[in-house]
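Asks: Got a structure here, written out as structure tokens. Questions coming.
The values are calculated or read from the model by the stated rules, or taken from the named source; none is laboratory data. Remember, predicted model here, so these are calculated numbers, not experimental data. Note: ideal-geometry Cβ built from the backbone for every residue, glycine included; neighbour counts use all protein chains shown. The accessibility values were calculated without ligands, DNA or RNA, using every heavy atom of the protein model including side chains. Shrake-Rupley method; radii C 1.70, N 1.55, O 1.52, S 1.80 Å.
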Amino acid sequence: MRANLNDALAHPMLDDETSLDNDPFADAVDARIDGVLHTLDPAHVPASRLVGAVTATVFLVVGAIGVAIVWFVTDLSGGAKVAVTVAILGLVVFVFALGYLWPPLELARTSWRVDVDGIVIKRGVVFRHVISIPGTRIQHLDVSQGPVQRRFGLGTLVVHTAGTHDSEVNLEGIAREKALRVRDFLLEHGPNRASGRVRGEHPSDGA
Amino acid sequence: MEPRDPHDVFGRDPFEDAEAATTPTGSHRLHPMSPVFEIGRSFFSLVVPGLVFVLLASGDSYELWYMLLFVPAAAVSLKRYLTLRYELSDDHLVVREGLVFRSVRHIPYDRIQNIDTVQNPLHRLLGVVEVRVETASGQEPEAVLRVLSVPRFMELRAGVFAERDDDEAQTPDDFVGPRAPRLPEPQPVPFFRMRPVDVVYFGLLSQKGIAVLSGLVFLLWEFNLWDRIEKRIPIDPERLSALFPAWEWLVIGVFIVALLQVVTVAWAFITLHDFHIVRSKDDLRTTCGLWTHQTATLPRHRIQFLSISEGLFPRLFGRISVKALTAGGDSTNDSQVSRKWLVPLVERAALDPIVREIQPDVAFTGLPWARVHPHARRRMIVKGAVVALVPTLLVARDAGFWAVPFFALLVLLVFVTATKRARRLAYAVTDSAVYVRDGVLTHARNAVRFSKIQSISLRQTPFDRRHRMATVSVDTAGPGGSDLTFRIPYLDVRDAMRFVRTVRRRVERTSFRW
């Protein structure tokens with residue numbers, strides 16, 4: 001058992017030495033059981049920024065209404081009005097900045113790998129999280145696509161397990177085509193494989 | 001049995017299978033006494049509160065209007081009895097119900113997590129039993145059969161689990177390791193029987209007496225009886241205190257506390273009377289209760305999470321408790337004692353053979369415990385000290401200088417608990433399961449078998465990163481509302497990575513069957 005543990009060391013899953021700033025697997029045509037780390041699709045950055053911009057705009061509108069109320073409805077002192085305005089403005093700028101700066105960090109800090117033991121997803125800019133789901137424990141899989149993702153050809157792979165805390169694990173921001181292929185692979189090799197049940201036709205593209 | 005009408009997906013009319021009810025393979029109705037219990041339930045929840053109000057209090061109240069709801073509730077109960085049919089097919093339990101809106105529920109036997117029963121004295125008098133069938137689908141039981149005759153229940157249990165026993169016997173990877181079971185002959189001798197002295201301890205530790213007594217006081221207050229009692233005894237407290245010297249008040253206090261203990265122990269003897277566990281093939285069957293008998297049938301291989309814990313006081317008495325979670329039901333439901341604690345309290349020395357009966361490939365002694373990061377204690381102290389700053393600042397605001405000794409005291413406390421916890425915190429990986437031990441006041445040891453692990457996580461906070469540490473956890477299926485998690489904090493990040501990798505491989509080699 002000790003040997004087993006040691007050989008595990010040869011495959012660090014969470015070390016800062018392996019930089020993922022560039023996508024070393026951009027030319028990996030088949031994102032299937034290659035056992036290598038994949039990054040998210042680079043299109044995740046513009047897609048996320050778009051979502052961030054929309055969110056920030058909502059903040060801007062609400063903030064503007066707030067500022068208008070402070071200036072024209074309430075009877076605060078001049079200094080207080082300025083302070084509230086600056087605070088609101090600061091918040092809006094912060095949300096805009098976050099919406100712009102966060103996605104590249106996310107892209108650099110998220111990676112995933114499918115191998116014979118299942119799927120591993122590694123993510124987190126500040127709080128790091130590596131989650132490993134053995135293939136035989138996958139209950140079912142979804143590929144979903146939101147309106148913004150559709151524009152950029154992205155999708156979200158959703159892995160469901162029978163667990164309690166992590167019963168649904170999302171991998172957001174990979175190319176939809178890739179997500180579908182990974183799903184098909186995991187369906188074929190994952191659920192019920194070890195229990196010896198024969199799977200019939202596996203579902204084709206649900207789009 | 002072909003459906004007569006091809007559009008009637010529910011098959012035959014529920015009223016038309018009188019002949020089928022007599023054959024053991026056909027469908028069965030509930031016991032004819034069922035409406036008594038169903039209506040009884042509505043009676044106690046709707047009519048009794050109203051009656052109590054009429055008798056004890058004056059004025060109108062919503063409880064009186066509630067009484068009117070009794071009529072539709074009783075009608076629903078009667079409908080349920082008249083339309084419910086269940087059937088033991090080859091691999092499904094089929095429950096049909098409904099008159100206008102019909103439902104047919106197919107519950108595959110190999111998805112049934114456990115079968116619980118409740119039998120109060122009235123049930124026993126009539127030879128019937130209330131049965132709950134639970135799957136992993138949520139907090140509500142999949143099927144509640146209120147009520148069945150005892151032979152019918154035995155037939156149900158045998159039918160449900162007979163199929164499964166054969167099936168599971170062929171599962172080599174479910175129980176692994178040198179102690180893999182060879183499915184010995186059914187063994188009707190209980191492998192655990194709670195000793196009366198442990199029942200006393202359990203009662204004293206649970207302190208249910210306070211709940212009973214405060215419930216009583218609440219009732220008196222609710223119905224304004226308190227005032228009447230006060231009027232009956234027209235002595236005001238000042239004169240009362242003049243009447244008796246202080247030491248007599250002390251006696252009264254001691255008397256009340258003693259009374260509470262008696263109530264508490266009596267409660268324990270009533271609920272835990274004759275608590276024992278029998279193993280029949282792969283099923284653990286617990287039975288307990290003096291007046292109301294509760295049984296729980298829990299297939300061993302359905303246990304997702306095993307936890308043993310020693311609270312501060314049990315530890316002083318050398319006693320330990322065992323908790324076993326399946327994915328069924330609701331763990332927050334206190335009414336089934338045996339679901340909350342598989343073994344409520346047992347001597348530490350007697351634990352090993354019991355655990356071996358519960359899970360043949362799990363043992364809590366002789367494990368290759370591995371330590372967490374050597375700096376774990378230091379981090380706990382720093383974290384504790386920072387947290388202690390918050391109450392200290394509050395004290396400083398009101399009491400100024402006194403905040404200094406206050407903070408010193410808190411830090412001392414943090415230091416002691418951190419030292420104790422760091423010494424305790426450890427994990428182990430064997431051929432069949434992962435283990436963790438943790439806790440300062442309550443010592444807990446948790447075990448999850450590889451075949452029950454759903455996913456493995458490694459988390460790092462920025463602080464973890466700075467100290468090259470990580471927290472790993474494994475996720476299992478569990479009952480609703482359960483707060484048990486398998487978590488190893490403050491691991492050296494390299495050990496954490498090894499853990500994830502090793503466990504992930506082992507898990508992939510086993511199959512999961514609920």
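Asks: Conditions first: (1) within 28 Å of the chain's Cα centre (by Cα); (2) surrounded by fewer than 23 Cβ atoms within 10 Å (Cβ to Cβ); (3) at pLDDT 85 or above; (4) within 8 Å of chain A (Cβ to nearest Cβ). Residue B:487 passes all but one, so which condition is the exception?
Replies: Of everything listed in (1) within 28 Å of the chain's Cα centre (by Cα); (2) surrounded by fewer than 23 Cβ atoms within 10 Å (Cβ to Cβ); (3) at pLDDT 85 or above; (4) within 8 Å of chain A (Cβ to nearest Cβ), residue B:487 misses just condition (4).
Asks: Looking only at region B:470-480, decide whether some residue is touching a residue at least 12 places away in the same chain (Cβ under 8 Å), over 27 Å from the mean Cα position of the chain (by Cα) and on the phi > 0 side of the Ramachandran plot.
Replies: Looking through region B:470-480, none of the residues is touching a residue at least 12 places away in the same chain (Cβ under 8 Å), over 27 Å from the mean Cα position of the chain (by Cα) and on the phi > 0 side of the Ramachandran plot.
Asks: Still on this structure, please answer the following. Output the number of the condition that residue B:409 fails; it satisfies all remaining conditions of (1) aliphatic (A, V, I, L, M); (2) open to solvent by 20 Å² or more (accessible area, probe 1.4 Å); (3) at pLDDT below 90.
Replies: Exception for residue B:409: condition (3).
Asks: If I ask for residues that are away from chain B (no Cβ under 14 Å) and more than 18 Å from residue A:44 (Cβ to Cβ), which ones from region A:142-180 would you list? Working first, answer last.
Replies: Within region A:142-180, the first condition is being away from chain B (no Cβ under 14 Å), and the residues that meet it are A:142-157, A:172-180.
Residue satisfying the conditions is A:142 alone.
Asks: Please go through region B:383-397 and pick out each residue that is open to solvent by 90 Å² or more (accessible area, probe 1.4 Å) and of a type in the set (Val, Ile, Thr). Lay out the reasoning, then the answer.
Replies: Just the residues of region B:383-397 that are open to solvent by 90 Å² or more (accessible area, probe 1.4 Å), to begin with: B:383, B:387, B:390, B:393-394, B:397.
Residues satisfying the conditions are B:387, B:390.
Asks: Anything in region A:111-138 that is facing chain B (nearest Cβ under 9 Å), under 16 Å from the mean Cα position of the chain (by Cα) and over 17 Å from residue B:499 (Cβ atoms)? List them, or say none.
Replies: A:124, A:126, A:127
Asks: If you don't mind, there's one more thing I want to ask. Residue B:470: assigned to a helix (DSSP H, G or I), among the small types (Gly, Ala, Ser) and either touching a strand residue (DSSP E or B) at 6+ places or on another chain (Cβ under 8 Å) or surrounded by fewer than 23 Cβ atoms within 10 Å (Cβ to Cβ) (or both), yes or no? Break it down stepwise before answering.
Replies: On the way: assigned to a helix (DSSP H, G or I): no; among the small types (Gly, Ala, Ser): yes; either touching a strand residue (DSSP E or B) at 6+ places or on another chain (Cβ under 8 Å) or surrounded by fewer than 23 Cβ atoms within 10 Å (Cβ to Cβ) (or both): yes.
Criteria not met by residue B:470.
Asks: Let me ask you something else. Looking at residue B:436 and the list (1) surrounded by fewer than 20 Cβ atoms within 10 Å (Cβ to Cβ); (2) away from chain A (no Cβ under 14 Å); (3) free of Cβ contacts under 8 Å to residues at least 60 places away in the same chain, which single condition is not satisfied?
Replies: The failed condition is (1).
Asks: Of all residues in region A:139-159, how many are surrounded by 17 or more Cβ atoms within 10 Å (Cβ to Cβ) and at pLDDT 90 or above? Steps first, please.
Replies: Of the residues in region A:139-159, the ones surrounded by 17 or more Cβ atoms within 10 Å (Cβ to Cβ) are A:139, A:141, A:143, A:149, A:152, A:154-159.
Now drop any that are not at pLDDT 90 or above, which leaves A:141, A:143, A:149, A:152, A:154-159.
Count: 10.
Asks: Kindly list the number of the only condition in (1) more than 14 Å from chain A (Cβ to nearest Cβ); (2) open to solvent by 30 Å² or more (accessible area, probe 1.4 Å) that fails for residue B:418.
Replies: Looking at each condition in turn, residue B:418 falls short on (2).
Asks: A further question follows. Of all the residues that make up region B:107-127, how many are touching a His at 6+ places or on another chain (Cβ under 9 Å), assigned to a strand (DSSP E or B) and touching a residue at least 24 places away in the same chain (Cβ under 8 Å)?
Replies: 4
Asks: Based on this model, can you work out whether residue B:442 counts as in contact with a Gly (Cβ under 6 Å, 6 or more places away or on another chain) and more than 7 Å from chain A (Cβ to nearest Cβ)?
Replies: Values: in contact with a Gly (Cβ under 6 Å, 6 or more places away or on another chain): yes; more than 7 Å from chain A (Cβ to nearest Cβ): yes.
It is true that residue B:442 is in contact with a Gly (Cβ under 6 Å, 6 or more places away or on another chain) and more than 7 Å from chain A (Cβ to nearest Cβ).
Asks: May I ask you to list the residues in region B:494-514 that are among the aliphatic types (A, V, I, L, M) and farther than 23 Å from residue A:128 by Cβ?
Replies: Answer for region B:494-514, where residues must be among the aliphatic types (A, V, I, L, M) and farther than 23 Å from residue A:128 by Cβ: there is none.
Asks: Right, next: State which residue is surrounded by the most Cβ atoms within 10 Å (Cβ to Cβ) when the search covers only region A:78-123 and only residues that are over 24 Å from residue B:506 (Cβ atoms) and polar (S, T, N, Q).
Replies: That would be A:110.
Asks: I would also like to ask the following. Only one of B:294, B:359, B:304, B:336 is at pLDDT 90 or above, closer than 30 Å to residue B:109 by Cα and not hydrophobic (A, V, I, L, M, F, W, C); which? Even if it seems obvious, please write down each step before you answer.
Replies: Values: B:294 fails: at pLDDT 90 or above; B:304 fails: at pLDDT 90 or above; B:336 fails: at pLDDT 90 or above.
Going through B:294, B:359, B:304, B:336 in turn, the sole match is B:359.
Asks: Which of the helices (runs of 4 or more DSSP H) contained wholly in region A:73-192 include at least 2 residues that are touching a helix residue (DSSP H, G or I) at 6+ places or on another chain (Cβ under 8 Å) and among the charged types (D, E, K, R)?
Replies: Numbers: elements: A:78-109, A:147-152, A:176-189.
So the answer is A:78-109.
Asks: Considering region B:419-462 alone, what residues qualify as being out of contact with any Phe, Trp or Tyr (no Cβ under 6 Å at 6 or more places or on another chain) and aliphatic (A, V, I, L, M)?
Replies: B:422, B:425, B:429, B:433, B:434, B:440, B:441, B:444, B:453, B:456, B:458
Asks: Here are B:494, B:459, B:513, B:498: which of them is open to solvent by 20 Å² or more (accessible area, probe 1.4 Å), within 7 Å of another protein chain (Cβ to nearest Cβ) and assigned to a strand (DSSP E or B)? If you could, list the steps in order and put the result at the bottom.
Replies: Values: B:494 fails: assigned to a strand (DSSP E or B); B:513 fails: assigned to a strand (DSSP E or B); B:498 fails: assigned to a strand (DSSP E or B).
Matching residue, one of B:494, B:459, B:513, B:498: B:459.
Asks: Further question: Counting only residues that are in contact with a Pro (Cβ under 8 Å, 6 or more places away or on another chain) and modelled with pLDDT of 80 or more, give me the helices (runs of 4 or more DSSP H) lying completely in region B:1-97 with at least 2 of them. It would help to see each step written out before you state the result.
Replies: Working: elements: B:34-42, B:48-56, B:62-68, B:70-83.
Output list reads B:70-83.
Asks: Another one. Looking at (1) at the interface with chain A (Cβ under 9 Å from one of its Cβ atoms); (2) farther than 25 Å from residue B:366 by Cβ; (3) touching a helix residue (DSSP H, G or I) at 6+ places or on another chain (Cβ under 8 Å), which is the only condition residue B:478 fails?
Replies: All conditions pass for residue B:478, except number (3).
Asks: Let me ask something else. I'd like to check something: does region B:186-206 contain any residue that is assigned to a strand (DSSP E or B) and at pLDDT below 75? Don't jump to the end; show me each part of the working.
Replies: Looking only at region B:186-206, we keep the residues that are assigned to a strand (DSSP E or B), and these are B:187-193.
Checking which are at pLDDT below 75 leaves us with B:187-188.
Yes - at least one qualifying residue is present in region B:186-206.
Asks: Which of the residues spanning region B:266-299 are open to solvent by 10 Å² or more (accessible area, probe 1.4 Å), assigned to a helix (DSSP H, G or I) and more than 21 Å from residue B:130 (Cβ to Cβ)?
Replies: Once the filter is applied, which keeps residues that are open to solvent by 10 Å² or more (accessible area, probe 1.4 Å), assigned to a helix (DSSP H, G or I) and more than 21 Å from residue B:130 (Cβ to Cβ), region B:266-299 yields B:266, B:267, B:269.
Asks: Being free of Cβ contacts under 8 Å to residues at least 60 places away in the same chain and surrounded by 16 or more Cβ atoms within 10 Å (Cβ to Cβ) is the filter; apply it to region B:251-265 and report the residue that is nearest to residue B:196 (Cα to Cα). Write out each step before concluding.
Replies: So the first thing to find is which residues in region B:251-265 are free of Cβ contacts under 8 Å to residues at least 60 places away in the same chain, and the list is B:251-263.
From what is left, the residues that are surrounded by 16 or more Cβ atoms within 10 Å (Cβ to Cβ) are B:260, B:263.
Numbers: B:260: 19, B:263: 16 Å.
Going through the qualifying residues, I end up with B:263.
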